[in-house]
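The values are calculated or read from the model by the stated rules, or taken from the named source; none is laboratory data. From a predicted model like this one, the values you see are computed outputs, not experimental measurements. When we count neighbours, we look across all protein chains shown, and the Cβ atoms used for this are built from the backbone with ideal geometry, even at glycine. Just the protein is used for accessible areas: all its heavy atoms, side chains included, with ligands, DNA and RNA removed. Shrake-Rupley method; radii C 1.70, N 1.55, O 1.52, S 1.80 Å.
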Amino acid sequence: MTYKYFFFDFDGMLCDSYTHTTKAFVKTLQETRGVRINEKEAYDYLKITFGDAFAHFNVTEEEKKLFAIYHEDLSFKPEATLYLETIKILKSIIESGGKNFIYTNRGPTLYEYLEKFNIGQYFTDIIIRANKPDPTPLIEMISKYNLNKSECVVVGDRSIDVDGAYNAKIDG
């Protein structure tokens, strides 16, 4: 199969942000509960979905709000970093006649990252707060650009990315 249209998940796929996310989560629970949780356990659950981590650790609404503050602070250490080959891959797709899209559950901080990493110009369009695995945003984007579904693929690092693709009837 030859793909022309790539829908990239951002976190964990184009950008290494999970260390940042995990540290924000651990700090939140340490501050609110006075105990340090296991980072590996937190990381493993956050990689599934934030909802899974929240349920596993019985996170309160107050803790979710504090976590959001740390998570959305791009200067919170460790900072997220762009994977080394990201720009090379994005350029290669464009040079071969393809298009790149972002398909992410991340909110508006995505735009700050795109500016920070200077990569916004490599994307035709962006889906934020996708509510994966809901296929609606993918289906709408495919329709908006009149893309052939057989030439589309979602590239992600979690099952919700691939499930979103399958729900939209494209490869993942």
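Considering the options TYR166, ILE102, ASN146, tell which one lies farthest towards the positive end of the dipole of the chain, charges being +1 on Lys and Arg and -1 on Asp and Glu at the Cβ, about the Cα centre.
It is ASN146.
Only helical DSSP H runs with n ≥ 4 go in: add -39500 (n - 2.57) per run for the chain, normalise by residue count and round the 222 nm mean residue ellipticity to 500 deg cm²/dmol.
Result for the chain, helices only: -14000 deg cm²/dmol.
Mind grabbing the accessible area of ASP163 for me, 1.4 Å probe, Å², rounded to tens?
Near enough 60 Å² of accessible area.
In degrees, nearest 10, range 0 to 90: what is the angle between the Cα axis of helix 39-48 and the longest Cα principal axis of the chain?
40
Loop only per DSSP, at most 16 neighbouring Cβ atoms within 10 Å: give me the chymotrypsin sites (Phe, Trp or Tyr not before Pro) in region 105-172, ordered by residue number.
TYR145
Per 0.36 nm of contour for each residue apart, how much would the distance between LYS4 and ALA55 grow if the chain were fully extended, relative to their Cα-Cα spacing?
Full extension from LYS4 to ALA55 adds 14.6 nm.
What size of dipole, in debye to the nearest 20, comes out for region 15-123 about its Cα centre when the only charges are +1 on Lys and Arg C-beta atoms and -1 on Asp and Glu C-beta atoms?
160
Check which residues have an amide H placed less than 5 Å from CYS15's amide H, if you skip close sequence neighbours.
The list, which skips near neighbours in sequence, is TYR83.
Quote the relative contact order of the chain in percent (integer), defining contacts as alpha-carbon pairs under 8 Å separated by 6+ residues.
It comes to 31 percent, rounded to a whole number.
With the full set of protein chains in place, find how many percent of the accessible area of region 119-172 is carbon and sulfur; take the probe as 1.4 Å.
46
I need the phi-derived Karplus couplings for region 3-15: 6.51 cos²θ - 1.76 cosθ + 1.60, θ = phi - 60°, integer Hz, Gly and Pro marked x.
Those phi angles translate into 9, 10, 10, 10, 9, 8, 5, 8, 6, x, 10, 9, 9 Hz.
Give me a comma-separated list of calculated 3J(HN,Hα) values for region 146-155, in order, Karplus coefficients 6.51, -1.76, 1.60 applied at θ = phi - 60°, integers in Hz, x for any Gly or Pro.
Going residue by residue, I get 6, 8, 7, 4, 5, 9, 9, 8, 9, 10 Hz, with x marking Gly and Pro.
If r is the Cβ-Cβ distance from ALA68 to LYS88 and R0 is 35 Å, what FRET efficiency results, to the nearest 0.05?
0.60
Two decimals, Cα atoms only, Kirkwood Rh: what is Rg/Rh over the chain?
Result: Rg/Rh = 1.00.
Evaluate the distance, in nm, between pseudo-label points positioned 7 Å from the Cα of ILE37 and of TYR111 along their respective Cα→Cβ axes.
For ILE37 paired with TYR111, the spin-label model returns 3.1 nm.
Using +1 at the Cβ of each Lys and Arg and -1 at the Cβ of each Asp and Glu in region 42-88, identify which of ALA80, LEU66, THR49 lies farthest towards the dipole's positive end.
So the residue we want is ALA80.
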